[in-house]
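First comes the structure, then the notes that go with it.
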Amino acid sequence: MVDVSAKPVTVREARAEGRVLCSPEVLALLTSGGLPKGDALAVARIAGLQAAKRTPELVPLAHPVAVHGVVVDLVVADDGVRIGAAVRTADRTGVEMEALTCVVAAALTFVDMVKAVDKHTRITDVRVVAKSGGRSGDWVADDDRQA
């Protein structure tokens, strides 16, 4: 694990996104409230929030950071669900891993919630799309690569 004790505490934020592709049947049930396991979007949102806070338990060399804010957005699209996460802290290291873990956990939970209806549901395009704060400053992904 990298020693970050000499780094200054700064406000840092990372945003990540991903997609879950699923069938039109899942989308119809999602919008009508008819999924067998219940509200997949709400459960996936909570899973993402929990995962962001527990990232160091899942990613061996991730530093434990004080997660001060997490926003998880799940938006129904034509081909599935788009998941976005924004994680904020005031700490010595960034929260990119927390944002990615949030998106992945939300996506995995969504798949679990709909797998009885669509066994072909898949997770795709998970990546960091922006970060701010810290020594390396601000960074935003190229627009042509965003999901």
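The values are calculated or read from the model by the stated rules, or taken from the named source; none is laboratory data. Please read all numbers here as calculations on a predicted model, not as lab measurements. Note: ideal-geometry Cβ built from the backbone for every residue, glycine included; neighbour counts use all protein chains shown. Accessible surface is based on the protein model in full, side chains and every heavy atom, while ligands, DNA and RNA are left aside. Shrake-Rupley method; radii C 1.70, N 1.55, O 1.52, S 1.80 Å.
Using a 1.4 Å probe and ignoring any ligands, DNA or RNA, find the accessible area of ASP79 and quote it in Å² to the nearest 10.
Answer for ASP79: close to 60 Å² accessible.
Quick one, what does Rg over Rh come out to for the chain if you take C-alpha atoms and the Kirkwood Rh?
Here Rg/Rh amounts to 1.03.
Suppose only helical runs count, i.e. DSSP H with n ≥ 4. What mean residue ellipticity at 222 nm does that imply for the chain under -39500 (n - 2.57) per run, divided by all residues and rounded to the nearest 500 deg cm²/dmol?
-9500 deg cm²/dmol
Of GLU57, GLU96, which has the most accessible area with a 1.4 Å probe, and how do the rest follow in descending order?
GLU57, GLU96
Could you put VAL43, VAL103 in order of accessible surface area, largest first, with the 1.4 Å probe and the full protein assembly present?
The residues order as VAL43, VAL103, largest area first.
For LYS53, give me every one of the lysines with a C-alpha distance below 24 angstrom, ignoring sequence neighbours fewer than eight places off in its own chain.
Leaving aside lysines fewer than 8 places away in the same chain, those within reach of LYS53 are LYS7, LYS131.
Could you work out the percent of alpha carbon pairs in segment 74-147 separated by over 18 Å, rounded to a whole number?
Across segment 74-147, Cα pairs with separations above 18 Å total 47 percent.
Suppose a student asked you for the relative contact order of the chain, using Cα pairs under 8 Å spaced at least 6 residues apart; what percent would you report?
About 40 percent, as a whole number.
Taking each full run of DSSP H in the chain as one helix, which ones are at least 24 Å long along their axis (Cα atoms) and have mean Kyte-Doolittle hydropathy of at least -0.5?
Qualifying helices, which must be both long enough and hydrophobic enough, are 96-114.
GLY137: net charge of surrounding residues, Cβ under 13 Å, Lys/Arg +1, Asp/Glu -1, itself excluded?
+1
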